[in-house]
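Taken together, the values in this text are just the output of simple stated rules run on the coordinates, not laboratory data. Because the structure is predicted, anything quoted here is derived from the model rather than measured. We place every Cβ from the backbone using ideal geometry, glycine too, and count neighbours over all the protein chains shown.
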Amino acid sequence: MSRHSTEVSLRQMLEHAQEAMELARGRVRSDLDSDRVISLAVTRLLEIVGEAAARVPEEDRERAGDIPWMHVVGLRNRLIHGYDMIDHDIVWQVLTADLPALVEALKRHLQDRERARPEEEPG
């Protein structure tokens, strides 16, 4: 398995979470039951968010304590391993209530990492 940088993983989490939110925009909970493509798409995007979170080293997770790492990775595990028992009420809750806060936290941490990066010497 290749080693991913924390920044790459945080960006993947952010991008896939934003994409899931965008797919949910203008929709209602029942769309997850009636539109299989949307249901599969948001489920897959949430799986990717959790997989990327699992790749963030523990020391970096501790620095970003406002991100519920165990819940994000745990959701991924439930979606992957419980693919035949996905509760769309929980998926909808994650999409509409949990992801916006996660996106904001990820943006903050990426900005903090950018500010902490040493500036390159002019060549």
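So which GluC sites (Glu not before Pro) in region 32-123 pass both tests, a DSSP loop state and at most 11 other Cβ atoms within 10 Å of the Cβ? Walk me through the numbers before you get to the answer.
Values: sites: Glu47, Glu51, Glu58, Glu59, Glu62, Glu104, Glu114, Glu119, Glu120; in loops: Glu119, Glu120.
Here the sparse-neighbourhood loop sites are Glu119, Glu120.
Sorted by packing (mean other beta-carbon atoms within 10 Å per residue), highest first, where do 34-40, 10-16 land?
Per-residue mean Cβ counts within 10 Å order the peptides as 10-16, 34-40.
What is the chain's relative contact order, in percent, from Cα pairs under 8 angstrom and six or more apart in sequence?
Here the relative contact order equals 34 percent.
For region 6-113, what is the convex hull volume of its Cα atoms per residue in Å³?
In region 6-113, the Cα hull volume divided by residue count equals 86 Å³.
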